[in-house]
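Visitor: Got a structure for you, questions after.
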Amino acid sequence: MSEEMRKGLVGVVADSTAISKVNPDTNSLLYRGYPVQELASQKSFEEVALLMWNGELPSEAELDEFIKLERATRALDPAVNEAIDLLPKDAHPMDVARTAVSV
């Protein structure tokens with residue numbers, strides 16, 4: 001085992017990805033080549049999700065199909081709804097999410 005200790009993460013590469021990149025010239029984040037600021041202001045969540053998965057922005061037909069599928073599968077199981085209903089109304093949203101995922 002090396003005795004060398006690195007401080008911080010400068011020069012440390014954890015892994016490589018085709019999904020995101022930091023543009024060092026502008027210090028901005030790119031998703032699949034698109035500036036994050038542009039995606040956030042001009043594209044829907046569903047469009048960005050498909051961009052991340054497929055590597056390109058969807059056509060109108062692809063987007064419509066994805067939205068229909070996503071909406072059809074987003075319903076929570078009744079047991080999850082019951083568990084959420086039992087939580088205090090002032091519970092922190094992260095506590096609610098953690099509990100829902102655990103059920």
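The values are calculated or read from the model by the stated rules, or taken from the named source; none is laboratory data. Since the model is a prediction, treat every value here as computed from it, not as a measurement. Ideal geometry is used to build each Cβ from the backbone, glycine not excepted, and the neighbour counts take in all protein chains shown.
Visitor: State all residues of the range 55-82 that are in contact (Cβ under 8 Å) with a residue 24 or more places away in the chain, on the phi < 0 side of the Ramachandran plot and surrounded by 11 or more Cβ atoms within 10 Å (Cβ to Cβ); if no residue qualifies, say none.
Guide: Scanning the range 55-82 gives Glu56, Glu70, Leu76.
Visitor: Going residue by residue through the range 76-99, is there one that turns out to be among the hydroxyl-bearing types (Ser, Thr, Tyr) and assigned to a loop (DSSP other than H, G, I, E, B)? Please lay out each step first, then the result.
Guide: At the first step, the residues of the range 76-99 found to be among the hydroxyl-bearing types (Ser, Thr, Tyr) are 99.
Retained after the next criterion (residues that are assigned to a loop (DSSP other than H, G, I, E, B)): none.
No, there is no match, as no residue in the range 76-99 is among the hydroxyl-bearing types (Ser, Thr, Tyr) and assigned to a loop (DSSP other than H, G, I, E, B).
Visitor: Another one. Working carefully through the options Leu57, Leu63, Leu51, find the one that is at pLDDT 95 or above and closer than 30 Å to Val10 by Cβ. Don't jump to the end; show me each part of the working.
Guide: Details: Leu57 fails: closer than 30 Å to Val10 by Cβ; Leu63 fails: closer than 30 Å to Val10 by Cβ.
It is Leu51.
Visitor: Under 7 Å between Cβ atoms, which residue pairs at least 6 apart in sequence (or on different chains) link something in the range 15-44 that is without any contact (Cβ under 8 Å) to a residue 12 or more places away in the chain and surrounded by 11 or more Cβ atoms within 10 Å (Cβ to Cβ) with a partner that is acidic (Asp, Glu) and in a loop (DSSP other than H, G, I, E, B)?
Guide: none
Visitor: Now, a different point. Please give the number of the condition Trp53 fails out of (1) under 24 Å from Ala97 (Cβ atoms); (2) of a type in the set (A, V, I, L, M, F, W, C); (3) in a loop (DSSP other than H, G, I, E, B).
Guide: Trp53 satisfies every listed condition except (3).
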